[in-house]
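The values are calculated or read from the model by the stated rules, or taken from the named source; none is laboratory data. In this text the structure is predicted, and so the values were computed from the model without any measurement. FYI the Cβ positions are ideal-geometry reconstructions off the backbone, even for glycines, and counts take in every protein chain you see.
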Amino acid sequence: MDPVAEFLGTLQMERGASPNTLLAYRRDLEGFRDFLRRERRGFREAGTAEMTRYMGWLRRRGLGSRSVARHLSAVRGLYRRLLEAGVIARDPTEHLDTPRPPRRLPRTLSMQDVVALIETPDISRPDGLRDRALLELLYASGLRASEALGLRIEDVNLSAGYVVPTGKGSRQRLVPVGAQALRWVRLYLKTARPILVKRAEAGTLFVNR
């Protein structure tokens with residue numbers, strides 16, 4: 001029986017693969033078969049050298065990392081099946097690295113976006129004032145969210161203008177904070193925090209209702 005047809009039948013019967021998945025696998029595996037014909041090889045004769053050239057062939061056709069990885073996934077599945085069935089003694093794909101797509105740089109917020117985000121909380125509410133103070137502090141200091149949320153009252157020096165967060169490995173550092181953020185933190189401490197604080201979190205700077 002044709003190895004591709006047998007493999008696709010296994011995917012359908014044992015794994016319940018969808019028609020679209022089967023169609024994509026068939027297309028990729030027939031492309032691999034065409035490549036092997038050019039190499040004057042069959043599925044059983046292909047080795048690591050052929051697999052390396054196959055990946056280069058896919059690249060020369062203009063395929064990106066994700067597409068190459070998809071083709072390689074289909075071929076790997078076929079060879080795992082052939083190995084399990086005893087048709088081949090060694091999987092020629094076992095030492096191939098799956099291509100990884102390039103990492104995208106995170107999109108940065110514009111100044112307009114930052115201002116809109118900071119001004120989102122409803123400062124007429126205690127929890128909104130808390131959130132505004134937190135956002136102002138994050139923007140002014142560059143603290144991680146976990147560091148800011150982990151601050152305690154004694155970690156904040158409003159008169160000197162700095163906070164002392166605890167980072168990874170329980171390491172502490174002194175971080176300067178701008179006047180505007182300090183003003184919002186001071187307002188939060190005076191008017192909103194006394195309303196929100198619970199006994200169990202008495203020492204925590206930013207508290208829940």
Notebook entry, point to check: Where in segment 123-209 are there helices (runs of 4 or more DSSP H), lying fully within it, with 1 or more residues that are loosely packed, with under 14 Cβ neighbours inside 10 Å and modelled with pLDDT of 90 or more?
Noted result: 145-149, 179-187, 193-196
Check: If we keep just the residues of segment 86-113 that are modelled with pLDDT of 85 or more and among the hydrophobic types (A, V, I, L, M, F, W, C), which is surrounded by the fewest Cβ atoms within 10 Å (Cβ to Cβ)?
Finding: 89
Notebook entry, point to check: Of 117, 96, which residue is touching a Leu at 6+ places or on another chain (Cβ under 7 Å) and closer than 30 Å to residue 140 by Cα?
Noted result: 117
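Is it the case that some residue within segment 75-84 is over 16 Å from residue 6 (Cα atoms), out of contact with any Gly (no Cβ under 8 Å at 6 or more places or on another chain) and not charged (D, E, K, R)?
So in segment 75-84, the residues over 16 Å from residue 6 (Cα atoms) come out as none.
No, because not a single residue in segment 75-84 is over 16 Å from residue 6 (Cα atoms), out of contact with any Gly (no Cβ under 8 Å at 6 or more places or on another chain) and not charged (D, E, K, R).
For every residue, the table says whether it meets (1) without any contact (Cβ under 8 Å) to a residue 12 or more places away in the chain; (2) over 29 Å from the mean Cα position of the chain (by Cα).
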{"residue": "106", "(1), (2)": "yes, no"}
{"residue": "112", "(1), (2)": "yes, no"}
{"residue": "123", "(1), (2)": "yes, yes"}
{"residue": "140", "(1), (2)": "no, no"}
{"residue": "144", "(1), (2)": "no, no"}
{"residue": "151", "(1), (2)": "no, no"}
{"residue": "160", "(1), (2)": "yes, yes"}
{"residue": "166", "(1), (2)": "no, no"}
